[in-house]
1. All but one of (1) under 19 Å from residue B:22 (Cα atoms); (2) among the small types (Gly, Ala, Ser); (3) within 12 Å of the chain's Cα centre (by Cα); (4) at pLDDT 95 or above hold for residue A:63; which doesn't?
2. Taking the options B:78, B:91, name whichever one is under 23 Å from the mean Cα position of the chain (by Cα) and more than 14 Å from chain A (Cβ to nearest Cβ).
3. Taking the stretch A:84-103 as the search range and keeping residues that are outside any loop (DSSP other than H, G, I, E, B) and crowded, with 21+ Cβ neighbours inside 10 Å, which one is nearest to the other protein chains (Cβ to nearest Cβ)?
4. So, of the residues in the stretch A:1-34 that are in contact (Cβ under 8 Å) with a residue 60 or more places away in the chain, under 22 Å from residue A:99 (Cα atoms) and touching a Gly at 6+ places or on another chain (Cβ under 7 Å), which turns out to be farthest from the other protein chains (Cβ to nearest Cβ)?
5. Which residue, of B:109, B:80, is at pLDDT below 95 and surrounded by fewer than 16 Cβ atoms within 10 Å (Cβ to Cβ)?
6. I'd like to know if the stretch B:122-129 contains one or more residues that are over 29 Å from residue A:21 (Cα atoms), out of contact with any Gly (no Cβ under 8 Å at 6 or more places or on another chain) and among the β-branched types (Val, Ile, Thr).
7. For the stretch B:211-249, enumerate the residues that are surrounded by 12 or more Cβ atoms within 10 Å (Cβ to Cβ) and in a loop (DSSP other than H, G, I, E, B).
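The values are calculated or read from the model by the stated rules, or taken from the named source; none is laboratory data. This structure is a prediction, so every number in the text was calculated from the model and none was measured. With ideal geometry, Cβ positions are generated from the backbone for all residues, glycine too; neighbour counts draw on all protein chains shown.
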Amino acid sequence: MAAKQFLLNPSRTAKQGAQINIGKDCPEYEAMVTTVTMNADDMKSLGVADGDSVRIRTEFGEAIFRLEVGRVPEGLLFVPYGPPTCKLMGGDTEGTGMPLSKGWEVEVEPVSGDAAAG
Amino acid sequence: MVLVDIRETKSVKASDIFLQIRPGKDFEVITILRALVKEQPVDESQVQETGLTLEQLQDFVDRMKKAKFGVFFFGMGLSMTRGKHMNSAALLTLAAELNAFTKFVAMPMRGHGNVTGADVIMRWQTGYPFAIQFGRGYPRYNPGEFSTVDLLVRGDVDAALILGADPGATMPQPAIDHLARIPTICLDPKVTHTSRLSRVHITTAATGISAPGTGYRMDEVPLPLRPALKSPYPTDEQVVRRIHEAVLKKPDWLQQGNRMALNQV
């Protein structure tokens, strides 16, 4: 299956904020920061289903995420920020002190079960 | 309440009007709003680019002008997307210009934890909120040069003390890689991604739970925190004071002026 272009928006969620106070060293936190929300139509055109794994790539790096269907605009992806999004983030802050954290141009590619587990 | 976002969030339910704009068009939307506030002509094609209609934007402007007291709450969706500080600057200018018609302010929505507190304390201690360099014995401020991400990505620092933060789970990978390369000391009540890459992790009591402290509300109102529990661990303050005392006992290699600045901490 061919890769498709999307705009990825790492964001904060209230659930993630609460989980940080419980701890990050647990499967619940891991699941939150590796779950990407995608539009149902985008899933169809990419040939993937709810719960499938995808490889997301930027010019800086790549990481594996699990897909979750959600009410988000076509072409946009959302994920709570965390260690996997760190791998995709560029280090240049353009003199502001903060790197670009939203609207990353990414390539999304479905991955088979074995690759997802690895 | 008018909500502006690139997608429907949970806040839509609480809002009266939802304006869904195209990603990365924040600066364009704010600039058009500024033009409409001053009753200047606006190009239709530029409006279309934003994903909104001229009617929607004109209605928004009319509502803002009619408000008795308006507030812009803005978050990372504005300040850390395409345009970044230019977006924030444009919004602050819009708020300032609306004061010709009514009272209007802008307030940043802060992240988890006590981000506002860190800004406030650094501001009254040094005059600057972040990205402060003490290398000359007095504070200097320059985001992009002295900010943590930039220092780490460039590899300028050769040791790090991390307090009340988890850069190992939030910063760009090149910055994380550098933290792992250098001697990093982390103070945290919990095991975090940063504590794992640190040479030394000092477990401290959780402020507000098992240590006293002050939390700052988003509008900069300080809230004293009384601990509900006891902790076997020292507080962040106790650890930093002990490190500071130990550093002072080391042989002096600083110039006299710098030594005075160090003693004032």
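1. Here residue A:63 clears every test but (1).
2. Working: B:78 fails: more than 14 Å from chain A (Cβ to nearest Cβ).
Only one candidate qualifies: B:91.
3. A:86
4. Result: A:6.
5. Within the list B:109, B:80, the selection yields B:109.
6. So in the stretch B:122-129, the residues over 29 Å from residue A:21 (Cα atoms) come out as B:126-127.
Still in the list and also out of contact with any Gly (no Cβ under 8 Å at 6 or more places or on another chain): B:126-127.
Next, only the ones that are among the β-branched types (Val, Ile, Thr) stay: B:126.
So far as the stretch B:122-129 goes, yes, one or more of its residues are over 29 Å from residue A:21 (Cα atoms), out of contact with any Gly (no Cβ under 8 Å at 6 or more places or on another chain) and among the β-branched types (Val, Ile, Thr).
7. Scanning the stretch B:211-249 gives B:212, B:217, B:218, B:220, B:227, B:231, B:233, B:234, B:235.
Here's the yes/no breakdown for (1) at pLDDT below 90; (2) touching a helix residue (DSSP H, G or I) at 6+ places or on another chain (Cβ under 6 Å):
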position: A:1; (1), (2): yes, no
position: A:21; (1), (2): yes, no
position: A:39; (1), (2): no, no
position: A:42; (1), (2): no, no
position: A:50; (1), (2): no, no
position: A:53; (1), (2): no, yes
position: A:68; (1), (2): no, no
